[in-house]
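Reviewing the structure listed below.
The values are calculated or read from the model by the stated rules, or taken from the named source; none is laboratory data. Keep in mind the model is a prediction, meaning the values are calculated, not measured. Cβ placement follows ideal geometry from the backbone for every residue including glycine, while neighbour counts extend to all protein chains displayed.
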């Protein structure tokens, strides 16, 4: 089954990756604060049962928004530059200011790329499941293959 | 977005490629949120969230070095979040060694901050807005700050205007001297999406009430009715201290950047219910709702019945009144139970200027007698040490609970554990 969604491009890029999905707000600091000692970034936020202990590095992270500390954007930028970040961030809702900062800082200042698309709609987050194959295009088209 | 001639020149590289990239980042960041223009930063000082030389954040320090090398320094002095390490806070030798490795770039980073424009060596605190520190914006000031608890305080209690900026973006605003005009900088963005009706019989713990509201409204603006029954209608020290802790919980358990307290905070006093949007949603909070929220916190200790190994109070950093008040409470609790020292190693955290003022009072020696340590550390960063992360830490800070494995208790429960029960 293949389903296509159209969003708004925050940071352009093409990527294909496996989905990891949270229906709760993604707390960047709480989730990724141990990434520097983990071989692959794994979520350590116990308050998020959707993601706790799952691998985030290299995955297509599907989420409504990010929440929490204002170090969030900085952590995302460092994760991208260090090759520890998710492959892409796919937001169902409008992106929040911390994630947007991380996305744009990475796009302007990092040698690595992390495509970011927002406004994919609630139906995107209702449909997508862990393990789905995700393809992101430059124009913000997101294809979900199951 | 419409730019002035000066702003366009910065973007076009008049002050070099690095400054152009700083401006490009700010403009693109603003465009995502529909900013119509860039506006000047008007308050005296900035505030940075990154205070820790976390080894992993190498890319950020490389970026800051580029700013320094290319002469892109902050056009205003700034304060900064608390330091991650204080030898006074109990740590075993192994934990100390790991802390040194985790925060291996601390010295180098503090040297960078000196070049970039930190106000002084006592400027490391999350409560930069307190009188003792002096980074207190005026109503209507436009800020380029990060640190969620400081931003929500500046917006709500002081009536300044600041978005919930990410780290790096806030420094960029201080470097360029401009921030994008959107969200909490606009009149429309400061209107309330939620009415919170507080129906409790007594004043709830600030950080429990803030947590409940944060988790419900997320990034929206709440207008809280019924809190002025307990806090009164003047922003005195008691009210400001309460709102400091309340706001930190709304900002960390949700993503609140601004709240209005009916009859108390400046915009609510001036505009009243005209601040509430049409069709605002309603959230009623009574004792049962607060208990439901408290019961929903997971306990993530390996052994939930274990004895606490450490207690942190002061996230955000305590005010002078809180240090004095807690000294009296701990003394009285110990006296009642016939104990001399607190039964759990305990650290009260506060800013250096407040700690210095506290040392001038009789209470400093009295608190020391109870065994409580006073420190300038950031408890959150203390617990970022993988070896401290597994410790059984208790706190009445809902912010600390959210970001670490620490366990939340009400202030009253904490006092009992510290002075009477030991667990």
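Of the residues B:20, B:9, the single one that is more than 30 Å from residue B:120 (Cβ to Cβ), within 13 Å of chain A (Cβ to nearest Cβ) and either in contact (Cβ under 8 Å) with a residue 24 or more places away in the chain or part of a helix (DSSP H, G or I) (or both) is B:20.
Can you report the number of residues in region A:110-146 which are surrounded by 15 or more Cβ atoms within 10 Å (Cβ to Cβ) and in a helix (DSSP H, G or I)? Total satisfying the criteria: 3. Listed by position, the strands (runs of 3 or more DSSP E) enclosed by region B:283-391 that each have at least 3 residues that are closer than 30 Å to residue B:197 by Cβ are B:310-318. Scanning region B:375-391 for residues that are within 14 Å of chain A (Cβ to nearest Cβ) and modelled with pLDDT of 95 or more, which turns out surrounded by the most Cβ atoms within 10 Å (Cβ to Cβ)? Top of the filtered list is B:379. Looking at this structure, is residue B:399 away from every other protein chain (no Cβ under 14 Å), within 21 Å of the chain's Cα centre (by Cα) and in a helix (DSSP H, G or I)? Judged against the criteria, residue B:399 is not a match.
The condition of being crowded, with 22+ Cβ neighbours inside 10 Å and closer than 24 Å to residue A:35 by Cα holds for only one of B:130, B:57, B:143, B:158, that being B:57. Just one of the listed residues (B:353, B:345, B:386) is under 22 Å from residue B:298 (Cα atoms) and in contact (Cβ under 8 Å) with a residue 12 or more places away in the chain, and it is B:386. In the set A:104, A:95, only one residue is in a loop (DSSP other than H, G, I, E, B), within 10 Å of chain B (Cβ to nearest Cβ) and in contact (Cβ under 8 Å) with a residue 60 or more places away in the chain; that residue is A:95. In this structure, does residue B:406 turn out to be in contact with a strand residue (DSSP E or B) (Cβ under 7 Å, 6 or more places away or on another chain), surrounded by 16 or more Cβ atoms within 10 Å (Cβ to Cβ) and within 14 Å of chain A (Cβ to nearest Cβ)? Yes. Looking only at residues of region B:295-311 that are away from chain A (no Cβ under 14 Å) and surrounded by 14 or more Cβ atoms within 10 Å (Cβ to Cβ), we find that the one that is farthest from residue B:201 (Cα to Cα) is B:309. If I go through region B:33-51 residue by residue, how many of them are within 14 Å of chain A (Cβ to nearest Cβ) and over 20 Å from residue B:129 (Cα atoms)? Total meeting the criteria: 3.
For region B:182-198, the criterion of a residue being under 23 Å from residue B:313 (Cα atoms), assigned by TED's automatic domain parsing to the domain that holds residue B:273, surrounded by 20 or more Cβ atoms within 10 Å (Cβ to Cβ) and touching a strand residue (DSSP E or B) at 6+ places or on another chain (Cβ under 8 Å) is satisfied by no position.
Scanning region A:49-68 turns up at least one residue that is touching a helix residue (DSSP H, G or I) at 6+ places or on another chain (Cβ under 6 Å), within 13 Å of another protein chain (Cβ to nearest Cβ), touching a residue at least 24 places away in the same chain (Cβ under 8 Å) and surrounded by 23 or more Cβ atoms within 10 Å (Cβ to Cβ).
Looking at region A:74-91, is at least one residue closer than 29 Å to residue B:145 by Cα, part of a strand (DSSP E or B), at the interface with another protein chain (Cβ under 10 Å from one of its Cβ atoms) and touching a helix residue (DSSP H, G or I) at 6+ places or on another chain (Cβ under 9 Å)? Scanning region A:74-91 turns up no residue that is closer than 29 Å to residue B:145 by Cα, part of a strand (DSSP E or B), at the interface with another protein chain (Cβ under 10 Å from one of its Cβ atoms) and touching a helix residue (DSSP H, G or I) at 6+ places or on another chain (Cβ under 9 Å).
For region B:123-143, a tally of residues being touching a residue at least 24 places away in the same chain (Cβ under 8 Å) and under 15 Å from the mean Cα position of the chain (by Cα) returns 10. The residues of region B:46-79 that are out of contact with any helix residue (DSSP H, G or I) (no Cβ under 7 Å at 6 or more places or on another chain) and part of a strand (DSSP E or B) amount to a single one, B:79.
In summary, residue B:69 fulfils each of the numbered conditions (1) more than 10 Å from chain A (Cβ to nearest Cβ); (2) under 19 Å from residue A:75 (Cβ atoms); (3) free of Cβ contacts under 8 Å to residues at least 60 places away in the same chain with the single exception of condition (2).
Okay, residues lined up against (1) touching a residue at least 40 places away in the same chain (Cβ under 8 Å); (2) more than 14 Å from chain B (Cβ to nearest Cβ); (3) closer than 17 Å to residue A:77 by Cα:
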position	(1), (2), (3)
A:1	yes, yes, no
A:4	yes, yes, no
A:15	yes, yes, no
A:19	yes, yes, no
A:23	yes, no, no
A:26	yes, no, yes
A:39	no, no, no
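Residues that are touching a helix residue (DSSP H, G or I) at 6+ places or on another chain (Cβ under 8 Å) and over 17 Å from residue B:345 (Cβ atoms) were ranked within region B:392-423; the one that is modelled with the lowest pLDDT is B:403.
Of all residues in region A:11-42, those satisfying the criterion of being under 17 Å from residue A:98 (Cβ atoms) and part of a strand (DSSP E or B) are A:11, A:26, A:27. When the residues of region B:250-265 are filtered to those that are within 14 Å of chain A (Cβ to nearest Cβ) and farther than 17 Å from residue B:129 by Cα, the one that is surrounded by the fewest Cβ atoms within 10 Å (Cβ to Cβ) is B:254.
Taking the stated definitions as given, is residue B:64 modelled with pLDDT of 95 or more, closer than 28 Å to residue A:9 by Cα and within 10 Å of another protein chain (Cβ to nearest Cβ)? Criteria not met by residue B:64.
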